[in-house]
Every structure is written in structure tokens, then in C-alpha cells.
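Enquirer: Structure below; questions to follow.
The values are calculated or read from the model by the stated rules, or taken from the named source; none is laboratory data. Given the structure is predicted, the values throughout are model-derived calculations rather than measurements. Here the Cβ positions follow ideal geometry from the backbone for every residue, glycine too, while neighbour counts run over all protein chains shown.
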């Protein structure tokens, strides 16, 4: 019994996640649906202001704009902007492969594009040579996107078109055996799949025209055009929904009922696929009422507005047609309310707060936010942000993270990110003063701390001013390295790996000496040395205050045997461009140990006075350097 209940709960939770994912694709693009609906309702030949010239604007919206927006949103939900771009590229293939609006195809190809590029990036993240990241990123997106577009063109498009033919045959079969209300079982889902025009104009209208010529009216004109089932769903969201789904329904109701553009409610059903039961029930109830009272229209109601329905109603059929609309609305709303209300009540308070925060972020997009003070009890997330989300921001985040750990604040997350990808959960964002405006636009909900240098600043002091004093965490003379049999503590620096009083040489020779010292200590294999030199060609490893931290590029990570550092002292200095380095700390970081090592070094140099630094540059006692770097 418990197993069955657990299984049902798992299915229910999966359906909720699926619905939330679909809503994340559709709701941000509701404005595009409304724009298309308005243009269509106004300017098509059967619209309120027929205009053949202006009616051309709506076609590209339904054919290209809205599917591409859906594809981008679906890909972005999986993998940010990069996933969105791949989703849009893949969607273009499914659009080109069909002659009907490919909203459903976009909802398939968009997330698929984001998923594929996410997996690809994960597979090669440590294999790209330094300096080639942008080249690889751009060409991989283009190549993979092109492949997905071709697959969509030859695969997904034909499948949807085939589904259209199956649904048409099904409707014709139900009508042929006289079970008209059951036609809603096919018509309503077909509408949600954006095949409404094909069903209405390809099947029902021809049948209706034949019947109207003989009897003066036909129910076939109302089977698809009745706005009641869709209105019932929208009313259920308005009464019992939450967030954007609830707030957007009044506008959707006007477009749907008065404008006659039924497509506006389709996304609300796709958010919760179980609502197909509501529109089917509403449609069946409406058709049964229509059949019982003898209603019908004299011609197609296009667009499917209640006003158009009344305009096409012959004398003696007003009561039946209005009853059809009201009964369908009532039944659909009653069934939909059960599901909408149930899912709304299952949303946790935290989920609601998250949704409200997202809404507030959307409202504040583009605004320069005032400083928001975060108290110590509330502080959980700090993000360092720079252009690429690597390099300087990673070093700054590592340094602050280590300092907070030493101060006892292990529950505060300190990460780094690219501007444009700052998580909405960030409470404090640290960025360079030149990037302030972009960072504030990307994370308007956060407090922003601006710096001129990511590693030499007073960010730690500012953070500590918000926090309650804690007992400093005990420090270790090294890092924890995970092994097959658990974690073992080992020193990242041995006394034998400190070299003092070295004669000044060129930068390249000094880096090679550091690499050879790492290899001699057993931390790395020989190829790592060339990786250190290649890294320096791409970007200087001089970090300020007379110290450089040469280390290998990503492509030679496999040459690292275990984590460790070596310290080389050059009392006369080594020229790094216009700067002079007196200490070279060669780094070999296994897995993510390099972040801890970088944090150790950055924190060490931040804490030093000028006199202490001078001592490190010229001491003849290796214990001085050992105590500074290994025991910091």
C-alpha cells in the first residue's frame, strides 16, 4: 500500500515539475500571443477591421516569432542563454518542416537543444586549451545547432503533420456514427496542439456548410468555435491560480472571448496537461446541450468570438447557442478548478516566495537598485561576478570563501559567475566598479559591492560588519584531499619545496624552474611544465604585491598527480611585464583543490603588511615562508 502511495506521489511530483517547466517556457511569451491575437482578430478577412495589407503582419508571428520565442525560452530554462540560442536554432528546423504553426514542435526542440549543448559543454569543459574557449563555444553551438535543425526538419515536423491527419480522420469517424459529443475527445486536444484551424476549416466547416444549405443551420460550426471550454480554464486560473498565471488571465479572457483567438488559452492548459480533461468535459457538455436544444450557426464563426457566434446565430437558436456557451464554460471551470486549486495548495511557502522574488526581479529589470542591507542572520549567498565568470572573480571568491571559513561562517555560499548568469538567489554581488551597471541590471534583487581589485579590497571587512562575531574555525596546515578510503590531511607545502635566494632570470625561465620543482616533488608530470608556460602566454599569472602564481592550463590537468605548491624566492625580482615578482608560487591543484590553494595564497598576501612582505622577499630562513603559506 505504501509503495503504491509513494509511486503515485512520485508521478504527481513529476507531473508538477513538467507543468512548471512548460509554464516557464510559455508565460514569459504571453505578450507575443496577445499581440498576434490582436492583429489576427482585427485584420483578417473575417476580423473586426478587415485589412489585407495589415493582416500580413500576423502570419510571421505565428509561423516564426512565437515558436522561436518558445524554443529559446525552453532552451534557456535548461542551460541559460547558450541553451536558449541552441533551442532557437533547433526550432527553426521544425518550423521550416511544416505549414502550420509549430508551437508544439518548439516546445520539443527548444529544451532538447539546451539539453544537448549542456551535455556537450560538460563533456569537454576540461579539454579546451586556454585561449580557445570562445572559438570552441561558437563553433560547437553552430555545428550542433545545425545538426538539430536538420533532425527537426526531417523528423519532428512530419510527425506533427501526421498527427493532424490522424485527428482529422478520427473526427470524421465519430461524426459518421452519430456520437457528436464524443467529438470533443479529439477536437479539444487537437486545439491544444494548435491544430484547431486544420480541424475547423478542414473538417467541420465543410460538413457544416453542407448541413446549413439543407437545414439553414449547423452544429458543426460550433464544435470548435465555442469559446466556453477555454473560458472555463481561464476562469479557474483567475479564481484559484497564483502568480503570473493568475495575473495574466484577465487580458487573456478578453482576447479569447471577445477577440475570438482561442490560441491564447492553449498555453494555460499546456502548463497543467491534466486540464485537457476540463476542456474535453466542457466541450462534451456544450455539444450535448446544443444537440438537445437544437442550436447551430448559419455560417462559420471566424474568429471564434462570442460576438461572432451571436452574429451567425439564426432566429430561434439564440437560447441554445448561449446555453451551449454557458454550460461549456461552467463545466470546464468546475473541472479545471479542482486541478488548479489542488496544485496551488501544494505549492510550498518557499516556492511562493521564490516566485514572488522572480516577479520582482522581472519588474526591476533595467533599474539601478538602491543598496539593500542584508543582515548577518539572513546572509546565505555571495557571488563574485566578472565578464567571463572565471579568472579574477574565481580568485576573489576563493579568497573570501577561505576567510569566511576561518571566521566560522561555513554556511555562507561564495561562488563566482559571469555577468548575465548571476543567480537570482544572490544576496550580495561583488563586481568591478566598471561593471556595476551591468551587474545591477542582471541581479537587481541583490546588494552590490564594487571593487577596483578582486583580491585586494575590503570586501571581507564589509561582510564581517554584517555578521555576528563567531569563534574562528581552527585552521589546518594544509587541505583535505579525498582518497578512496576517506579524507586524509596532508600539507600542500613541504619545507623541502621552498627555494631561497635564487638568481634573477627571465620570466619563462623562472616559470620553468617552478614547474621542474613541482615535478621533482612528485606533484606533476613533465608535460605540466609546458602547460604552465602556455598559460603565461595567454594571461599573466602575476597577481600583485610582488607575487606570481604560475600554474598549468586546463589541457594538462591530467598531468597532475596530487595537489601541492612550491615557493621560489627571487630577492632581486623577476619581471612580469611592468611588474616585479619576488615570490613565485607554483601550483598543482588536483580536481578543485586549486581553489583552496588560490584562496590560501590570496588571503595570505592580503593579510601581510609591507614590512612583512619585504621579509618574505628577502628572508634566508625557509621556516618564515613555510609558516606563512603552509600554516596560514
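Enquirer: Does residue 317 count as under 42 Å from the mean Cα position of the chain (by Cα) and either outside the structural domain of residue 223 (by TED's automatic domain parsing) or crowded, with 19+ Cβ neighbours inside 10 Å (or both)?
Expert: Details: under 42 Å from the mean Cα position of the chain (by Cα): no; either outside the structural domain of residue 223 (by TED's automatic domain parsing) or crowded, with 19+ Cβ neighbours inside 10 Å (or both): yes.
So residue 317 fails the test.
Enquirer: The conditions are (1) surrounded by fewer than 24 Cβ atoms within 10 Å (Cβ to Cβ); (2) assigned to a helix (DSSP H, G or I); (3) in contact with a helix residue (DSSP H, G or I) (Cβ under 9 Å, 6 or more places away or on another chain), and residue 100 fails exactly one of them. Which is it?
Expert: (2)
Enquirer: I'd like to verify a number: residues in the stretch 397-429 that are at pLDDT 75 or above, closer than 24 Å to residue 589 by Cβ and more than 22 Å from the chain's Cα centre (by Cα), how many?
Expert: 13
Enquirer: While we're looking at this one, here's another question. Is it fair to say residue 40 is surrounded by fewer than 22 Cβ atoms within 10 Å (Cβ to Cβ), over 21 Å from the mean Cα position of the chain (by Cα) and modelled with pLDDT under 85? Show your work before the answer.
Expert: Numbers: surrounded by fewer than 22 Cβ atoms within 10 Å (Cβ to Cβ): no; over 21 Å from the mean Cα position of the chain (by Cα): yes; modelled with pLDDT under 85: yes.
No: the conditions fail for residue 40.
Enquirer: Given 45, 50, which one is surrounded by fewer than 22 Cβ atoms within 10 Å (Cβ to Cβ), more than 23 Å from residue 190 (Cα to Cα) and modelled with pLDDT under 75? I'd like the intermediate steps shown before the answer.
Expert: Details: 50 fails: modelled with pLDDT under 75.
The match here is 45.
Enquirer: Pull out all pairs, ordered by first then second residue, where Cβ-Cβ is under 9 Å, the residues are six or more apart or on different chains, the first lies in the stretch 535-551 and is at positive phi and in the same structural domain as residue 617 (by TED's automatic domain parsing), and the second is assigned to a strand (DSSP E or B) and buried (at least 19 other Cβ atoms within 10 Å of the Cβ).
Expert: 546/581; 546/582; 546/583
Enquirer: Could you tell me whether residue 245 is modelled with pLDDT under 85 and surrounded by 22 or more Cβ atoms within 10 Å (Cβ to Cβ)? Walk me through how you get there before you give the answer.
Expert: Numbers: modelled with pLDDT under 85: yes; surrounded by 22 or more Cβ atoms within 10 Å (Cβ to Cβ): yes.
In short, yes.
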